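Structure, as structure tokens:
The values are calculated or read from the model by the stated rules, or taken from the named source; none is laboratory data. Computed from a predicted structure; not experimentally measured. Note: ideal-geometry Cβ built from the backbone for every residue, glycine included; neighbour counts use all protein chains shown.
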Amino acid sequence: MTKMKDQTDLENQKKLLVESYGLFMEKQEKLAPIAARIFATLLINKENGSTFEELVNFLGASKSTVSTNLKTLQKTEIITYHTKPGDRKKYFTLNPVGFLARINESIKMYRIEQKLLIQVREYKQLANQTSKDKNYTIDHDMPYLDFLTNTINLLEQLHKDIEAKCSIFDHLSK
């Protein structure tokens with residue numbers, strides 16, 4: 001009885017987590033509700049993947065809704081699938097290409113903001129040198145600029161780490 005209760009509690013906790021992460025992905029990535037929950041489910045099940053039937057049962061959505069959202073997520077390279085020898089089922093997993101695209105987009109946005117902040121700082125320095133009426137404070141922008149630089153560096157390292165890990169897996173699967 002205790003094991004069954006633990007399993008039920010674990011499954012309920014998974015459903016709550018999928019719902020919470022799904023809501024986040026709806027807002028963050030502008031995904032449709034079921035697509036966001038598919039993403040969250042696959043994030044949890046990433047080692048094994050999930051079959052179409054498992055997703056339909058777990059999410060409680062119609063087959064056509066799950067199918068439509070799986071196709072959309074595949075087109076945008078957020079998910080992929082693999083098959084197993086002797087098994088016709090597709091096992092859906094998150095696609096590392098999708099993660100890399102998200103990381104690249106974040107790096108791009110942080111670089112734009114970093115460049116703009118540098119231009120603001122340069123303007124303030126020039127204005128301080130040429131105008132006696134205005135005196136801009138420059139130092140208060142530095143902590144945020146440092147944050148942007150550090151974040152860009154960390155994201156670039158993460159990108160390299162994911163690429164390296166994926167190339168190892170690609171090599172092993174061939």
For the range 120-174, what are the residues that are at pLDDT 85 or above and closer than 30 Å to K84 by Cα? L158, H159, K160, D161, I162, E163, A164
Odd one out for D161, checked against (1) among the acidic types (D, E); (2) surrounded by fewer than 11 Cβ atoms within 10 Å (Cβ to Cβ); (3) farther than 29 Å from A40 by Cβ: (3)
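One residue is enough: does the range 118-129 have a residue meeting the conditions within 30 Å of L43 (Cα to Cα), in contact with a helix residue (DSSP H, G or I) (Cβ under 9 Å, 6 or more places away or on another chain) and not hydrophobic (A, V, I, L, M, F, W, C)?
No, every residue in the range 118-129 fails to be within 30 Å of L43 (Cα to Cα), in contact with a helix residue (DSSP H, G or I) (Cβ under 9 Å, 6 or more places away or on another chain) and not hydrophobic (A, V, I, L, M, F, W, C).
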If you check L126 against the conditions, is it hydrophobic (A, V, I, L, M, F, W, C) and surrounded by 15 or more Cβ atoms within 10 Å (Cβ to Cβ)? no
Can you tell me which residue is surrounded by the most Cβ atoms within 10 Å (Cβ to Cβ) among those in the range 129-155 that are of a type in the set (S, T, Y) and without any contact (Cβ under 8 Å) to a residue 24 or more places away in the chain? Y136
Please work out which one of (1) among the charged types (D, E, K, R); (2) part of a helix (DSSP H, G or I); (3) under 22 Å from the mean Cα position of the chain (by Cα) is the condition E77 fails and give its number. (2)
